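Please read the structure below before turning to the comments.
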Amino acid sequence: LLDEPLSALDKKLREEMQLEFRRIQQELGVTTINVTHDQREALVMSDQIVVMSEGRIQQSDSPEAVYRAPSNRFVANFIGLTAMFKGAVETSDDGGILVRVGDTALKARAQGALGNGTAVDCALRAEQVRILGDAPNGDAGSFENVVTGEVRQRIFEGDRMVYEISVPALADAVLFAFDHDPLHHAEHRPRSQVRLGWNARDFFAFPSDQS
């Protein structure tokens, strides 16, 4: 049992030790339980992740499944930098759902059975949002959902730029977007207008009354 063994280390050393712990554990073949509040640490070091809240298991699955197919809004919001906002199901079929958020209908991926009119909590991770080019059509055709927003702030993290963007058409919901190549891409300053695109498979919708 490891109870947050790396929490006192600085970021660089902590990330190096995550890989070293993983290597040693695999070499020894010893079952290990690692308790951590660091989502990256859990994803890097684990074969199986158990996400808990208030003493209850929210999801127990592989790191890939927990990240790519969260079982509820708590897990979706807990793992990664995620924008959460309210909506309602407009239409639903076997191919997915259409969610009304503010003045806009968006294609989404339903997590569970969702009938027309169901109130939902929507989850969208920053790495799934793309800032589109300035051309009239740009690369918008590559995405099922496209909206326009205003940059509220940008944060330079060295290897990436993080944008916080308000979208009036989504009832002023705030989305996040990463630019992993800020030295070669256009820089978007606060109060500038940008277009954002993402696909339905990356846009989760959960029942709002889900525990």
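The values are calculated or read from the model by the stated rules, or taken from the named source; none is laboratory data. Everything numeric in this text was worked out from a predicted model, so none of it was measured. When we count neighbours, we look across all protein chains shown, and the Cβ atoms used for this are built from the backbone with ideal geometry, even at glycine.
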Counting only residues in segment 17-35 that are in contact with a strand residue (DSSP E or B) (Cβ under 8 Å, 6 or more places away or on another chain) and part of a loop (DSSP other than H, G, I, E, B), the one farthest from Ser7 (Cα to Cα) is identified as Thr32
Quick check on segment 75-97. Is at least one of its residues of a type in the set (Lys, Arg) and over 13 Å from the mean Cα position of the chain (by Cα)?
yes
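Results for (1) without any contact (Cβ under 8 Å) to a residue 40 or more places away in the chain; (2) under 11 Å from Val147 (Cβ atoms); (3) touching a helix residue (DSSP H, G or I) at 6+ places or on another chain (Cβ under 8 Å), shown as yes or no for each residue.
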position	(1), (2), (3)
Glu157	yes, no, no
Ile165	yes, yes, no
Phe176	no, no, yes
His184	yes, no, no
Leu196	no, yes, no
If a residue must be touching a residue at least 40 places away in the same chain (Cβ under 8 Å), in a helix (DSSP H, G or I) and surrounded by fewer than 19 Cβ atoms within 10 Å (Cβ to Cβ), how many such residues does segment 65-95 contain?
1
Consider Arg40 against the criteria (1) at pLDDT 90 or above; (2) assigned to a helix (DSSP H, G or I); (3) of a type outside the set (Asp, Glu); (4) surrounded by fewer than 17 Cβ atoms within 10 Å (Cβ to Cβ): it satisfies all of them except one. Which criterion is unmet?
(1)
Every pair of residues 6+ apart whose Cβ atoms lie under 7 Å, when the first sits in segment 12-26 and is at negative phi while the second is surrounded by 11 or more Cβ atoms within 10 Å (Cβ to Cβ) and not in a helix (DSSP H, G or I)
Arg14/Leu6; Met17/Leu6; Met17/Leu9; Gln18/Leu6; Gln25/Thr32
For Val50, indicate whether it is touching a residue at least 12 places away in the same chain (Cβ under 8 Å) and either aliphatic (A, V, I, L, M) or within 30 Å of Glu4 (Cα to Cα) (or both).
no
Condition test on Ala135, is it more than 20 Å from His185 (Cα to Cα), at pLDDT below 95 and aliphatic (A, V, I, L, M)?
no
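Does Ser7 qualify as being outside any helix (DSSP H, G or I) and at pLDDT 95 or above?
Taking the combined requirement at face value, the residue does not satisfy it.
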In segment 152-191, anything outside any loop (DSSP other than H, G, I, E, B) and among the basic types (Lys, Arg) is listed as Arg152, Arg154
